[in-house]
Amino acid sequence: MTQRATLDFLLYDWLKADALCERPRHAEHSRDTFDAVLDLGEKIAAEQFAPFNRLTDLQEPEFDGERVHLPAETPKALQAFIDSGLMAGAQDAAVGGMQLPTVVEMAAMSFFFKASVSLAGYPMLTRGNANTILAHGTPQQIEVFAKPSFEGRTFGTMCLSEPQAGSSLSDIATKAVPDTGSEAHGATPWQQDPLGPRFRLKGNKMWISGGEHEMGENIVHLVLAKIPGEDGKTIPGVKGISLFIVPRKLVQADGTITNQRNDVSLAGLNHKCGYRGTVNTLLNFGEGKFPVHGQAGAVGYLIGKPGEGLKCMFTLMNEARIGVGLGATMLGYAGFEASLAYAKDRPQGRAMTAAGKDASSPQIPIIQHTDVKRMLMMQKTVAEGGLALALLCAQLVDDEQTGNEAEAEKARLLLELLTPIAKSWPSEWALEANSQAIQVLGGAGYTRDFPVEQYWRDNRLNMIHEGTHGIQGMDLLGRKVVMNGGKALAVLAERISETIQKAGHIEGLALHANALAGALQKVGAATKAAWSTGQPEEALANATLYLQAFGHTVLAWIWLELAIAAQAAQAKGTWDQGPLGAGFLQGKRAAADYFFAYELPKIDAWLGVVSRRDLTCAQAQADWF
């Protein structure tokens with residue numbers, strides 16, 4: 001109930017998402033259809049995902065040497081998701097979509113991430129895979145590989161990392177050479193294949209979620225690899241990376257999926273501390289276990305231009321980063337709800353009075369203890385603030401796609417700037433929120449009799465998924481805030497300044513407006529100070545702390561926006577009549593007060609080392625440790 005009410009508040013009182021129906025692409029929709037989608041998502045998530053979250057944690061995927069086995073509930077849950085039509089919710093009708101705004105689709109997805117983040121990982125990756133083909137593929141590739149994924153017939157992956165390279169994609173060693181040998185078996189010349197220029201791939205990919213299973217008709221891998229030159233050598237760095245569509249089973253030009261296995265084999269499963277319901281794999285491409293036309297080498301089709309693989313893959317990576325952030329947020333939300341319910345029911349201790357505690361008086365629910373309220377308030381600001389951040393990014397996608405030219409350009413810049421925040425801020429602070437949830441439950445929180453320990457384990461992976469904090473921090477400070485002469489940062493500053501001006505005229509919010517103005521100034525000053533010497537090694541030495549401070553400033557802006565929206569909604573009185581009563585909006589205001597009092601002041605310490613270009617860590621030598 002609380003999550004749905006919060007979604008309604010965020011979508012309609014804050015973002016005014018129903019106004020998107022005035023745009024031609026969404027003209028057939030209304031708030032009624034949006035609400036119906038949310039109702040459907042909430043129902044399926046509650047009935048088909050949530051009951052099996054613990055089961056998929058305990059019954060990990062198993063490999064018997066031939067096949068990967070998943071609990072029977074996994075394909076059933078995913079089929080229920082597929083049957084809902086949400087796999088292509090925001091897509092054009094031409095590819096089977098409902099043409100929902102992205103912000104509504106993401107709101108619906110939040111239920112699934114909260115119910116079972118590991119089960120929700122399959123549709124998240126599949127949709128991102130298909131969206132990438134839709135953005136960069138040929139019409140034939142879209143027809144043969146993307147549409148079946150939107151229909152839920154096939155699943156998708158992203159294959160970037162390699163055992164020897166990790167996050168350093170410039171060091172990947174997977175190679176792709178033209179598949180001229182297949183012509184001897186009657187195949188179309190490799191350059192003229194209707195599915196795209198055909199290559200043979202050889203290499204190994206690590207940490208591939210959804211890489212091998214028996215669900216659906218096929219698995220479509222998007223694989224980064226390098227095309228050697230005439231001398232047999234590949235171009236060093238990321239400029240030589242290309243992107244390939246590599247199906248698990250070979251597909252004919254008309255889309256028919258054959259029984260011929262491609263030369264992609266499972267080397268083994270990774271067993272992680274959390275996310276256990278998402279099968280995670282090490283894949284071998286082209287080792288000869290499943291030869292195609294008598295030859296080793298996985299058949300793959302070039303997508304986009306040679307050497308532009310990373311550019312194409314960023315479509316999937318950026319979508320996945322926002323998805324990871326939403327998943328982290330909803331794990332924090334799940335922990336918040338669980339610890340809130342426990343705190344309301346668990347009697348322990350007695351109230352403190354001027355005369356001390358009266359041992360003969362009844363025990364009180366622990367939610368009445370101030371420190372428990374502090375831990376719950378921290379979780380609330382992270383869960384609801386992180387959800388607001390994800391929906392804001394989703395609406396920026398809508399503005400980029402369907403807004404006027406000026407709106408689209410500002411949305412594009414702001415989305416680029418906020419993507420590292422949308423991924424990393426929830427990954428760090430929702431994990432801490434899960435830790436606070438465990439603490440609220442006390443000793444019970446550490447047992448498997450309660451779900452909060454699993455939420456923490458699942459969430460711990462999100463600090464690694466789709467790029468570590470260090471990577472996101474260097475992307476933010478090293479590229480995003482300085483690109484185009486700081487144009488994106490200027491757009492954000494303009495938006496924040498507008499909020500500050502509005503809040504300055506609202507009773508009780510002026511102090512928050514002043515604090516946010518100060519934070520914005522400090523971030524700007526630290527950005528300039530970091531780059532004042534022009535030395536990247538100095539500027540980026542504390543990029544992670546810059547990321548933290550930047551994220552907290554963005555969330556302070558969001559919470560001030562939500563406080564303004566709550567004030568306006570309170571004036572209308574509509575929420576007073578609802579089942580949650582006036583306390584619902586009062587809680588939003590209290591959460592904003594908490595964030596400005598307890599969280600925003602932390603940025604001073606973080607920005608201090610950034611501004612000083614402190615090199616304590618950068619200059620440390622290995623033998624000092």
Can you figure out the FRET efficiency of Ala351 with Val95, using R₀ = 56 Å and their beta-carbon distance, to the nearest 0.05? 0.40
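First select every other residue whose beta carbon is under 13 angstrom from the beta carbon of Ala422; then total the charges, Lys and Arg +1, Asp and Glu -1.
Numbers: positive: Arg321, Lys423, Lys480; negative: Glu319, Glu416, Glu428, Glu466, Asp475.
Taking every other residue near Ala422 into account, the sum is -2.
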State the answer as a single residue: which of Ser424, Tyr446, Asn459 lies farthest towards the positive end of the charge dipole of the stretch 388-472, with beta carbon charges of +1 for Lys and Arg and -1 for Asp and Glu, about the Cα centre. Tyr446
With label points set 7 Å from each Cα along the Cα-to-Cβ direction at Asp32 and Phe314, the distance between them in nm comes to 4.3
For the pair Phe625/Ala529, report the inter-label distance in nm, with labels modelled 7 Å from Cα in the Cβ direction. 2.7
Just the accessible area per residue of the stretch 338-444, please: how many Å² with a 1.4 Å probe? 40
Might you work out the accessible area of Cys617 for me, using a 1.4 Å probe with all protein chains in place, and round it to the nearest 10 Å²? 110
If I compute solvent accessible area with a 1.4 Å probe over the protein chains, what percent of it on the stretch 233-274 is carbon and sulfur? 52
Mean-position separation - Cα centroids, the stretch 33-86 and the stretch 497-527, in angstrom: 43
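May I ask you to derive the FRET efficiency for His185 and Ala135 from their Cβ-Cβ distance with R0 = 45 Å, giving the value to the nearest 0.05?
Working from the Cβ atoms, E equals 0.85.
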If the label point is 7 Å along Cα→Cβ of Thr574, which residues in the stretch 101-121 have backbone nitrogen under 13 Å from it? none
Cut-off 15 Å between beta-carbons: net charge of the residues surrounding Asp193, Lys and Arg +1, Asp and Glu -1: -2
Enumerate lysine pairs in the stretch 306-416 that are 8 or more residues apart or on different chains, then count those whose Cα atoms are under 29 Å apart. 5
In degrees from 0 to 90, rounded to the nearest 10, what is the angle of the helix 73-83 Cα long axis to the longest principal axis of the chain? 90
Using 0.36 nm per residue of separation minus the Cα-Cα distance, give me the extension gain between Asp171 and Arg261 in nm, one decimal. 29.6 nm
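How high is the FRET efficiency from Lys373 to Tyr446, r the C-beta distance, R0 30 Å, rounded to 0.05?
0.90
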Calculated [θ] (222 nm, deg cm²/dmol) that DSSP helices of n ≥ 4 give over the chain, each run adding -39,500 (n - 2.57): -15500 deg cm²/dmol
Computed accessible area, Arg589, all protein chains, 1.4 angstrom probe, square angstrom: 60
Over the stretch 1-152, give the accessible area per residue in Å² for a 1.4 Å probe, as an integer. 37
Let's see if you can work this out: charge +1 on each Lys and Arg Cβ, -1 on each Asp and Glu Cβ, no other charges. What is the dipole magnitude of the stretch 162-307 about its Cα centre, in debye to the nearest 20? 340
Net charge contributed by nearby residues that have their C-beta within less than 14 Å of Gln79 (K/R +1, D/E -1): -4
Share of carbon and sulfur in the accessible heavy-atom surface of the stretch 287-398 [1.4 Å probe, %]: 56
Taking only Cα atoms, what is the 0 to 90° angle, nearest 10, from helix 102-115's long axis to the longest principal axis of the chain? 80
Mind giving me the nanometre distance, one decimal, between the label points for Glu537 and Gln295, set 7 Å out from Cα along Cα→Cβ? 4.6
Can you send over the solvent-accessible area of Leu376, 1.4 Å probe, protein chains only, in Å² to the nearest 10? 10
Residue-normalised value, i.e. accessible area per residue, for the stretch 526-625 at 1.4 Å probe, in Å², stands at 46
For the Cα atoms of the chain, what angle does the longest principal axis make with the long axis of helix 543-572, in degrees from 0 to 90, nearest 10? 60
Would you kindly derive the ³J(HN,Hα) couplings of the stretch 32-48 from the backbone phi angles with the Karplus curve 6.51 cos²θ - 1.76 cosθ + 1.60 (θ = phi - 60°), listing them in order in whole Hz, with x for Gly and Pro? 4, 5, 4, 5, 5, 5, 5, 4, 5, x, 4, 5, 5, 4, 5, 8, 10
A 1.4 Å probe over the protein heavy atoms gives the stretch 41-114 a carbon and sulfur accessible-area percentage of 51
Alpha carbon centre of the stretch 537-611 versus the stretch 431-491: separation in Å? 16
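The values are calculated or read from the model by the stated rules, or taken from the named source; none is laboratory data. Keep in mind that this is a model prediction, so the values were computed, not measured. Please note: Cβ atoms are built from the backbone with ideal geometry, for glycine as well, and neighbour counts cover all protein chains shown. Each accessible area value is taken on the protein alone, full model and side chains, heavy atoms only, with ligands, DNA and RNA left out. Shrake-Rupley method; radii C 1.70, N 1.55, O 1.52, S 1.80 Å.
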